[in-house]
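Before any comments, here is the structure.
The values are calculated or read from the model by the stated rules, or taken from the named source; none is laboratory data. All values derive from a computational prediction rather than experimental measurement. Because the Cβ atoms are built from the backbone with ideal geometry, glycine has one as well, and the counts that use them run over all protein chains shown.
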Amino acid sequence: MMMDKRHCGKSHLQLKVNSLPETVLLPGDPARVLEIASYWDNAKEIGENREFKTMVGRYKGMEIAACSTGIGGASTEIAVAELFQLGARRLIRVGTAGGISPKVKPGDLVVLSGCVRYSGAADAYIPLNYPAIANYKTVMALIGACQELDCCYHEGLGLSLDSFYASKTHLIQGKSLPSRIEPLLNEWVKAGVLQLDMETATLFILASLLGIEAGAICTAGSNLFFDYPTTTISNGAAISAALLAALKLASA
């Protein structure tokens, strides 16, 4: 049965504009959109609905936007699809993550070249042997920005999982729960995976399918396996690096 496309569309972002800048930064948290916009000139909000807050402005003369994706692959899919339809062609996730490699300390940045996929939203589009990889120019721009800003960063693979607690069931006190991912994490650490998050694989898969550029830079808020001294975690370094990388890409 053919679906009537006239009745299939819905705007979850609820934007007040008909087009967007080509470059959009994607934090998960709506509050981080405001933090990102504080670096801009002429920042203004153009949409807020559920977990999605969207703002536009200018950074050193470049038109730019930021849109929060909320938590997880499903809401990230909605944001990416709807941003694309309004003209977004370069997406950079500015996220937070949990380190699992002993190299990744709280406060460090991770530039992701690709992700191990445990993402139901991505799986709904394409089989598991289709890789979740970043755009190489975006990876290089993010690395260059981290080096120029003298940030402590790592580059490599992450793992995206459509669950927060399944990788750390001990945090659910009073109940012993099964987990299909928790027993596998040590193997992924041995394989060189640096971090866990819930959004990046979906972003990379959708961007590849849509033919647009995508990258991700995450701030490690903690490390799941290794105890490090408590440090103040700031998103500032990741935001600065993402903005500088976006500027480099736009002017290339």
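Answer yes if at least one residue in segment 86-98 is polar (S, T, N, Q) and more than 13 Å from the chain's Cα centre (by Cα), and no otherwise. No: zero hits. Just one of the listed residues (Ser160, Ser179, Ser208) is surrounded by 12 or more Cβ atoms within 10 Å (Cβ to Cβ), part of a strand (DSSP E or B) and of a type in the set (S, T, N, Q), and it is Ser160.
The criterion of at least 3 residues that are within 30 Å of Leu224 (Cβ to Cβ) is met, among strands (runs of 3 or more DSSP E) falling completely within segment 1-106, by 23-26, 90-99. In segment 163-176, how many residues are assigned to a loop (DSSP other than H, G, I, E, B) and either under 19 Å from Ile71 (Cβ atoms) or touching a Cys at 6+ places or on another chain (Cβ under 9 Å) (or both)? Number of matching residues: 7. Once segment 105-156 is narrowed to residues that are crowded, with 17+ Cβ neighbours inside 10 Å and of a type in the set (Val, Ile, Thr), the residue that is farthest from Leu203 (Cα to Cα) is Ile143. Taken across segment 98-111, residues that are among the polar types (S, T, N, Q) and out of contact with any Leu (no Cβ under 7 Å at 6 or more places or on another chain) do not occur at all. The criterion of being over 29 Å from Leu157 (Cα atoms) and in contact with a Pro (Cβ under 7 Å, 6 or more places away or on another chain) does not hold for Glu48.
Every condition in (1) in a helix (DSSP H, G or I); (2) over 22 Å from Tyr125 (Cα atoms) is met by Cys151 except one, and the failing one is (1). Looking across segment 202-242, the residues that are over 18 Å from Val111 (Cβ atoms) and at pLDDT below 95 come down to Ser222, Leu224, Phe225, Phe226, Asp227, Tyr228, Pro229, Thr230, Thr231, Thr232. Arg93 - would you say it is touching an Asp or Glu at 6+ places or on another chain (Cβ under 6 Å), within 28 Å of Val56 (Cβ to Cβ) and touching a residue at least 40 places away in the same chain (Cβ under 8 Å)? Criteria not met by Arg93.
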